[in-house]
Structures are given as C-alpha cells and as structure tokens.
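Q: One structure follows; several queries about it will come next.
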Amino acid sequence: MQNTIILKKKVKSFKKKISVPGDKSLSIRWVLFSSLADGNSIAKNLLMSEDVLAAIKTIRKLGIKVIIKNKECVIFGKGIDGYKYKKNLTINAENSGTLGRLILGLLINSPEPINLVGDKSLSKRDFKRVTDPLSKFGAKFKLKGNNFLPLKIFGSSKLKPIKYIENKGSAQCKSSIIFAAMRTDGTTTIRAKKSRNHTELLCKHLKLPISIKNNKNFDEIKIKKIKKINTLNYNIPSDISSSAFFIVLTALAKNSELTIKNVNINPSRIGIITILKKMGVRIIFKNQKTYKGEKKADIKVISAKNIKAINCPPKLNSGAIDEFLVIFLVAAKAKGVSYFKNLGELNHKESPRLKWAEKILTNLGIKTITTSDSIKIYGNPNLNLDFDKKIIIKNYLKDHRVFMTCVIAALSFGGKWTIHDKDSINTSFPNFLRIIEDLKID
C-alpha cells in the first residue's frame with residue numbers, strides 16, 4: 001500500500017501563499033533548444049520531474065553534456081548540428097508526449113535509424129499525427145500498427161520544406177514541424193489551429209527566422225533553416241497546469257484564499273482562468289510581467305460563494321485542454337447544467353480522460369451525459385459526500401492528472417478515497433502532496 005494514498009477529511013479553511021514547480025512545457029523546450037545552442041545555457045526552477053529528466057537523458061544520448069547542481073541545470077550546447085548519432089540508438093520518451101513528438105522533428109536528418117519507445121501509456125497514444133507531416137520533409141517512419149510506439153525514424157539528408165495544415169490544435173505536432181523546419185533549406189509554412197505557442201515565443205526571443213501571422217481561428221507560421229541558436233539562460237516560471245489543482249481547491253473550499261507566485265500566464269494556457277471566472281470564481285492577476293516573451297504573474301484565488309453552470313465555448317478548449325478534469329469538479333458544484341463539447345482530444349491524453357471524468361463524477365453522485373467528445377454535468381451546489389462513502393481509484397494508466405483531480409475531489413467533497421499509483425505524479429509534479437500537506441488539510 002506504499003504507493004496508495006487514503007484521504008478521509010475535507011480541507012479546512014486556509015489563507016496561504018505557495019509556489020509550484022517550473023512549467024513542464026517550458027522546461028522540456030528549454031532542454032531541447034539549449035541542446036542546439038552554441039555554448040552553455042543555465043536554467044533555474046527547471047521542473048525536475050520524470051518527463052523533463054527523460055528529455056535530459058535523451059540529449060545526453062545524443063552527445064550533449066548536462067550538469068545538474070545546486071538547483072541549477074547547465075546544458076553544454078554544441079550547435080545546431082552538434083548531435084552525435086550512434087548506431088542502434090534507442091531513445092525512451094517514457095511518459096512524455098511532448099518529448100516523444102518534439103524530438104522527432106530534431107531527428108529528421110539523422111544519418112542513422114533511431115528507435116523511439118515509451119511507457120505503456122505513451123505507447124497507446126497516436127504518433128501518426130506527427131509522423132505524417134514529418135514524412136513530407138523526406139524522413140521515413142516505421143510505426144507499430146501504423147500509429148503507435150515503438151517506432152523507427154529513418155532521417156534524410158535531402159529535406160524539403162513543406163506546407164502543412166494542422167487542424168487538431170496540437171502544440172506538440174506544430175512544434176515538431178517547427179523543429180524539422182529548422183533543419184530544412186527553404187521556407188516551411190504551417191497553417192495551425194490555435195494552440196500553445198511556447199515554441200514560437202522561444203523562437204522569437206532567440207531571434208530565429210520565424211514569422212507568425214495571427215488570424216482569428218488559426219496562425220500562419222513561416223520558418224527558415226537555422227544556422228545558429230544563441231544560449232538561453234532561463235528562470236522558468238511556475239506551471240499554470242500544476243497551479244490549476246490549487247486554484248480549484250481554493251474555489252471549492254470555504255472562506256479560503258490562496259496566492260500562487262510567479263506563474264506562467266501565457267494567453268494560450270489560461271483557458272481555465274477564463275472558464276472559472278465565467279463560473280463565478282474570483283481570480284486576480286498581480287505583479288504581471290513579460291519575461292523572455294512569456295507573461296507571468298502571481299495568481300490570487302478567493303473561495304467562490306455561488307458557482308454558475310457554463311456552456312463552455314469550444315474556442316476555450318485548447319487553452320484548457322490539460323485542466324478539464326479538475327474544471328469538471330467545479331461544474332459538479334455549480335447550480336445548473338454545464339456543457340463541454342468538442343473535447344475528443346481529451347481521449348488522446350495519458351488516459352481516456354473523458355471516460356475518467358464520467359467515472360469520477362459518478363462516484364461523486366453527479367449525473368453526466370457523456371459522448372465521445374462531450375460531457376454534460378448536472379451540478380449540485382450542496383454536494384457533500386457521507387463520511388463513510390468509499391471510493392477506490394485505480395487502473396487509470398498512471399495518468400498524473402487523474403490522480404491529482406481525485407485528491408482535489410476528496411479534499412473538496414469528502415468521503416473515504418483510496419487512490420492507487422501515487423507515484424504517477426512524478427511525471428509532472430513530484431512535490432504535489434507536500435504542498436497539499438502544507439495547506440494543513442489534516
């Protein structure tokens with residue numbers, strides 16, 4: 001039972017200031033960009049989670065030196081063509097879809113075939129959405145079942161620029177194409193549905209040859225071959241996705257107030273803030289700044305007295321795609337019926353998250369109507385579970401967000417929860433439970 005947590009007490013009122021770890025998306029991208037830089041890059045507040053450590057292991061396998069010491073990480077970049085490609089090389093992306101998909105763009109000109117593998121969860125996720133556009137550059141791929149890991153990439157020395165329409169709103173797919181374009185003569189053009197733009201912002205900050213035209217529903221991105229990348233010293237802002245769990249815990253608690261310091265509030269990532277504000281949650285940004293192209297701020301959250309149902313506009317989906325599980329908990333306590341649609345992408349995450357949302361809400365006694373890409377949630381403003389209501393959560397493919405959502409549900413609504421595989425949080429938020437304890441929930 002060492003890998004199981006039992007929760008049987010609701011959270012008490014609190015007034016706190018906390019910090020959460022560095023942003024995972026920025027941490028992985030910093031590792032990859034720095035591995036291509038001419039010289040040494042230093043990061044502070046790098047997220048030391050399994051996903052980021054997998055990225056560090058990957059670039060080490062490609063011949064890049066990395067030193068982690070005194071809460072700093074130094075990457076000794078060897079330039080845009082500095083990777084060493086050994087024969088029979090296997091890269092393990094472990095649980096990280098971001099690493100697995102982005103690194104393929106950087107391996108597109110490898111002179112040696114490279115194997116890419118992942119854990120059980122990642123091996124169930126679709127990689128064809130990345131290999132299809134990358135093959136247009138001239139690389140070749142061999143995938144399990146034509147869609148899945150393990151796969152083998154056969155790089156090409158004769159890459160051709162492409163024009164590609166990315167219509168899933170996948171930042172991972174878009175970023176992989178950008179990385180491939182960085183190795184390709186000519187100009188690659190991407191017409192991309194709105195999604196996270198961390199890669200583009202880093203390209204701009206590093207003054208790489210990228211141009212972006214923002215339209216209402218899509219971005220047109222043009223990028224040329226890169227000759228040199230400057231070093232990137234980075235104090236990484238805290239992760240909005242990690243913050244989301246504490247934002248919701250505070251919103252659902254009684255007479256509570258929380259400030260989360262120095263959080264990345266990139267507009268493409270704060271769908272949860274917009275959604276919760278529409279539902280009546282009080283959230284305030286303080287000390288707003290722009291840092292290396294990214295916006296950051298302290299986030300202050302105050303308990304919600306009355307939560308309103310929402311017919312969530314699909315245009316907010318991409319900016320909240322990783323936070324919907326915990327957003328659904330707020331809808332569970334809303335007055336009225338909340339409706340979320342066009343969310344098929346949730347079932348292409350670490351686990352089929354729409355199905356897990358239905359299971360969690362059913363355990364809470366909340367009625368739902370769920371389809372393959374939508375969910376209706378019939379809220380109960382008086383939601384409160386009996387002390388002896390037993391709920392067991394297991395077999396969720398160790399999806400870290402399922403685990404953390406269930407912890408927040410237990411603390412918010414009561415009952416006796418037994419949640420297995422607590423080590424799942426090591427992929428993204430290893431000190432999640434320590435921060436929970438700091439809020440004095442016992």
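The values are calculated or read from the model by the stated rules, or taken from the named source; none is laboratory data. If you're wondering where the values come from, they're calculated on a predicted model, not measured in any experiment. Every residue, glycine as well, gets a Cβ built from its backbone with ideal geometry; the counts of neighbours run over all protein chains shown. We work out accessible area using only protein heavy atoms, side chains counted, and drop any ligands, DNA or RNA first. Shrake-Rupley method; radii C 1.70, N 1.55, O 1.52, S 1.80 Å.
Q: Name the pairs: first residue in segment 372-389 and closer than 21 Å to ALA251 by Cα and hydroxyl-bearing (Ser, Thr, Tyr), second residue open to solvent by less than 90 Å² (accessible area, probe 1.4 Å) and assigned to a strand (DSSP E or B), Cβ to Cβ under 6 Å, at least 6 apart or on different chains?
A: Taking only residues 6 or more apart or on different chains, the pairs are TYR378/VAL337.
Q: Ok, one more. Going by what's in this entry, would THR90 be described as open to solvent by 10 Å² or more (accessible area, probe 1.4 Å) and touching a helix residue (DSSP H, G or I) at 6+ places or on another chain (Cβ under 7 Å)?
A: For THR90, the condition - open to solvent by 10 Å² or more (accessible area, probe 1.4 Å) and touching a helix residue (DSSP H, G or I) at 6+ places or on another chain (Cβ under 7 Å) - is not met.
Q: So, one more: Given the criterion out of contact with any helix residue (DSSP H, G or I) (no Cβ under 8 Å at 6 or more places or on another chain) and surrounded by fewer than 23 Cβ atoms within 10 Å (Cβ to Cβ), identify the matching residue among GLY97, GLY39, GLY82.
A: Answer to the selection: GLY39.
Q: So the check is Cβ under 7 Å with 6+ separation or different chains; which pairs have a first residue in segment 124-144 that's under 23 Å from GLU350 (Cα atoms) and a second one that's open to solvent by 60 Å² or more (accessible area, probe 1.4 Å) and at pLDDT below 95?
A: ARG125/HIS348; ASP126/HIS348; LYS128/ASN146; ARG129/LYS168
Q: Select from segment 259-273 the residues that are under 11 Å from ILE327 (Cα atoms) and not aliphatic (A, V, I, L, M) and list them in ascending order.
A: GLY271, the sole residue that qualifies.
Q: Does segment 124-144 contain any residue that is modelled with pLDDT under 95 and small (Gly, Ala, Ser)?
A: no
Q: Condition (residue is under 26 Å from ASN431 (Cα atoms) and in a strand (DSSP E or B)) applied to segment 308-315: is it met by at least one residue?
A: Within segment 308-315, none of the residues are under 26 Å from ASN431 (Cα atoms) and in a strand (DSSP E or B).
Q: Return the pair list, or none, for Cβ contacts closer than 6 Å from residues in segment 33-49 that are on the phi > 0 side of the Ramachandran plot to residues that are in a strand (DSSP E or B) and open to solvent by 60 Å² or more (accessible area, probe 1.4 Å), at least 6 apart or on different chains.
A: So the pair list comes out as ASN45/ASN235.
Q: Name every residue in segment 320-379 that is among the aromatic types (Phe, Trp, Tyr), assigned to a strand (DSSP E or B) and open to solvent by less than 10 Å² (accessible area, probe 1.4 Å), in order of residue number.
A: If the condition is that a residue be among the aromatic types (Phe, Trp, Tyr), assigned to a strand (DSSP E or B) and open to solvent by less than 10 Å² (accessible area, probe 1.4 Å), then PHE340 is the only one that fits.
Q: Which residues, counting only those in segment 319-356, are β-branched (Val, Ile, Thr) and closer than 14 Å to ILE369 by Cβ?
A: VAL337
Q: Which residue, of ILE307, ILE283, ILE247, is open to solvent by less than 30 Å² (accessible area, probe 1.4 Å) and closer than 21 Å to HIS198 by Cβ?
A: That would be ILE247, the only listed residue that is open to solvent by less than 30 Å² (accessible area, probe 1.4 Å) and closer than 21 Å to HIS198 by Cβ.
Q: Residues of segment 106-134 being part of a helix (DSSP H, G or I) and open to solvent by less than 50 Å² (accessible area, probe 1.4 Å), which ones?
A: Listed by number, the residues that qualify are LEU106, LEU122, SER123, ARG129, VAL130, THR131, PRO133, LEU134.
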